[in-house]
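The values are calculated or read from the model by the stated rules, or taken from the named source; none is laboratory data. Nothing here was measured: the structure is a model prediction, and the numbers come from that model. Note that we place each Cβ from the backbone using ideal geometry, even for glycine, and neighbour counts take in every protein chain shown. Note: areas computed on protein heavy atoms with side chains; ligands, DNA, RNA excluded. Shrake-Rupley method; radii C 1.70, N 1.55, O 1.52, S 1.80 Å.
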Amino acid sequence: MSMQLLVYVIQPVRASAMQAFLKGGSAASSKNKTDSPVPSSSSKKKDGKARIIPWIEKYRPKTVEDVAFQDEVIAVLKKSLEGSDLPNLLFYGPPGTGKTSTILAASRQLFGPELYKDRVLELNASDERGINVIREKVKKFAQLTAGGTRPDGKPCPPFKIIILDEADSMTKDAQSALRRTMERESKTTRFCLICNYVSRIIEPITSRCAKFRFKMLAEDILISRLQMICKEEGIAIDDSAIDAVFKTSDGDMRKAIMTLQSASRLCGKDGAITKDMIFDISGVISEDYLDKLINKCRSDSYEELDVAVQDIIHEGYAASQVLNQLHDKIITLDSLSDKQKSVVCEKMGEVDKCLMDGADEYLQLMALFSTIMSQMCHGG
Amino acid sequence: MSLWVDKYRPTSLSKLDYHKDQAAHLKRLVEGGDFPHLLVYGPSGAGKKTRIMCTLRELYGAGVEKLRIEHSQFTTPSNKKLEISTISSNYHIEVNPSDVGHNDRVVIQELIKNVAQVNQLDSTQQKNFKIVVLTEVDRLTKDAQHALRRTMEKYMATCRIILCCNSTSKVIPAIRSRCLGIRVAAPTIAEITQVLTMVCKKEGLTLPNEMAVKIAEKSGRNLRRALLMCEACRVQQYPFNVDKEISEPDWEIFLRETATMIAQQQSPKRLLEVRARLYELLTHCIPPDVIMKGLLKELLSVCDGQLKAEVVQNAAYYEHRLQQGQKSIYHLEAFVAKFMAIYKRFLEEGIADLF
């Protein structure tokens, strides 16, 4: 009788201790089996309150299947997860389309949490990546051989992955130093290069990799993800505001989530997020302001234009933002002929280049607007 | 005794004089206990730094005001030693990486990693992250900006970055998409007037309203400049004399005279004289783009209609070359010569039309 009671008492204690132990120790492994979008927040506990994680990390895809919209890459990576070989990869595409997320998720699935550290070398632009590092660190890492099993006995692919994130900021020399290394170590190592502009990667490298272009996310996918997040976080948001988030994000998932989180932080717990708020946060210039600018151009008065441009600078709007939005406006403007539009657009291209080179915003904007003005009022 | 600019700088978000909505937003952001990386942008003298310091204070309390200056040393891969001074408190560190020129990448890589890899000791009482304030981000090289990208994500748990710049045009999109942008527009004339009146009242001075408006207009919507000008007026003469011209910096007058010289006569000899004057401005550390803008403003007042457009295009063209080139005097001079040519042709055509 007493024996039984004792067992009865011990059981729950042990169970809870076990649970606590699991929670504390194997947080990383919970990352692996996914589905629940909430990641391993339990490991970073503090005063019983979970540490707040930015949503861009919280909702980063945890498995390859989670990655939205990039079907070709997913198909290839899935195959390699099932056991076939993996080519050297080159991911390119605009920011926020999931390039880094995809390869991180894939390598985590391939190797599991324990092996991940030994098998994956991640180098990004924040690390020193000159030719010396390629020659020594990368080469050394690549030359290590890898076994075909995990410590727990499960099979895993017999190679290592070197992720070179933001590869377009690598020097030409460093890239050429990579060439031979890539081939010679192909038995034990796969490279994954990630960049925004494939044109900045030298030809010999691109020909050694399977290239995958990451598409800009489509409207419905981005919106459905955003809605999912909103539901998960319990935010009140109407459709027009979600639409605004999409419009300001340019298909950049990270930017969209960032905007959403900022908006929800700004309006507090119970306030609903509105369209205006989104525009306000994302630094987009209001339509009225742009219309006013274009009307100023019609006035054919240089003084008014000068005041208007000064005002842009004082309001703190970025010239590149003005350029972006003005471009959409000009294209759809009825009062200009096609030829005039082309003149204006050419000037826009030039101004954009000059701005990137670091030219003064005021002067460049003045030059652009005076071109528009002369096209509008004098027909070129 | 400190300058009025520092003396009356608001120290908490609720005391800010303008952009109150934004201040309320920031406050709510901070109250959440956590916030994303911030990118604060706006023209100079709009109060970016003031807002950053207010936010920090709101976050950590008065402790952030105990500042100390430190000199950190970094070594580039080519074994060159760099020294950069940082201003820091227990909770934040402020650095202007563009001080070290094209080696700023090294500073970013080392500094942020150093800060970010150390956890706060006592996370129960403090926030569990530190803050790195980077100023003049728009002057960072592309390399340095790329170096920021992944770092910003990787060390999100232990550190937040506040970037401060004049324009986001020169900040790469990858960084922009990782930050919450906060636009600080310049205060309006009315707002500056209000601040000036308030400051004078606190100083126990009477500032006539016309005078305040005049200073505000002269300041070009730059609050810091307005306050400095106001203080300068006070030193020169008190009680304020409304009719008195507000004194401008010497170099502005000098620049205006130069512009008049260009408009008066267009000849190689005059070009040489102008060149000497431009040199003088440059040796007094007036930035070349400011000279260019100043010249343009004055020169445009003598041109009309179509000519203006042409001059503006040329100014933009030469200023762009100036940014790319090495010696600014060449480009300034090229602009002056070009203007002379355009203007002279215009004048001659005008005379030819008369006959």
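Computed values, structure above
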{"read-out": "Which listed residue, of A:161, A:202, is touching a residue at least 24 places away in the same chain (Cβ under 8 Å), under 25 Å from residue B:146 (Cα atoms), in contact with a Lys or Arg (Cβ under 7 Å, 6 or more places away or on another chain) and crowded, with 21+ Cβ neighbours inside 10 Å", "value": "A:161"}
{"read-out": "Verdict on residue A:100 being open to solvent by 10 Å² or more (accessible area, probe 1.4 Å), hydroxyl-bearing (Ser, Thr, Tyr) and within 16 Å of the chain's Cα centre (by Cα)", "value": "yes"}
{"read-out": "Where residue A:337 falls short, out of the listed (1) open to solvent by 20 Å² or more (accessible area, probe 1.4 Å); (2) facing another protein chain (nearest Cβ under 9 Å); (3) among the polar types (S, T, N, Q)", "value": "(2)"}
{"read-out": "Residue in region A:105-128 that is within 13 Å of another protein chain (Cβ to nearest Cβ) and of a type in the set (A, V, I, L, M) present", "value": "yes"}
{"read-out": "Condition broken by residue A:208, with the remaining ones in (1) modelled with pLDDT of 85 or more; (2) surrounded by fewer than 23 Cβ atoms within 10 Å (Cβ to Cβ); (3) of a type outside the set (S, T, N, Q); (4) under 23 Å from the mean Cα position of the chain (by Cα) satisfied", "value": "(4)"}
{"read-out": "Number of the condition not met by residue A:87 [criteria: (1) within 14 Å of another protein chain (Cβ to nearest Cβ); (2) modelled with pLDDT of 80 or more]", "value": "(1)"}
{"read-out": "Helices (runs of 4 or more DSSP H) enclosed by region A:232-324 - at least 3 residues per element that are within 13 Å of chain B (Cβ to nearest Cβ), buried (at least 20 other Cβ atoms within 10 Å of the Cβ) and at negative phi", "value": "A:253-266, A:275-281, A:302-315"}
{"read-out": "Output for region B:11-43, where each listed residue is under 21 Å from residue B:197 (Cα atoms) and open to solvent by 40 Å² or more (accessible area, probe 1.4 Å)", "value": "B:11, B:14, B:15, B:17, B:19, B:20"}
{"read-out": "Hits in region A:178-197 (condition: assigned to a helix (DSSP H, G or I) and open to solvent by less than 30 Å² (accessible area, probe 1.4 Å))", "value": "A:178, A:181, A:182"}
{"read-out": "Output for region A:332-353, where each listed residue is in a helix (DSSP H, G or I) and either in contact with an Asp or Glu (Cβ under 8 Å, 6 or more places away or on another chain) or in contact (Cβ under 8 Å) with a residue 12 or more places away in the chain (or both)", "value": "A:339, A:340, A:343, A:344, A:345, A:347, A:348, A:351, A:352"}
{"read-out": "Helices (runs of 4 or more DSSP H) (entirely within region B:1-102) containing at least 3 residues that are without any contact (Cβ under 8 Å) to a residue 24 or more places away in the chain", "value": "B:20-31"}
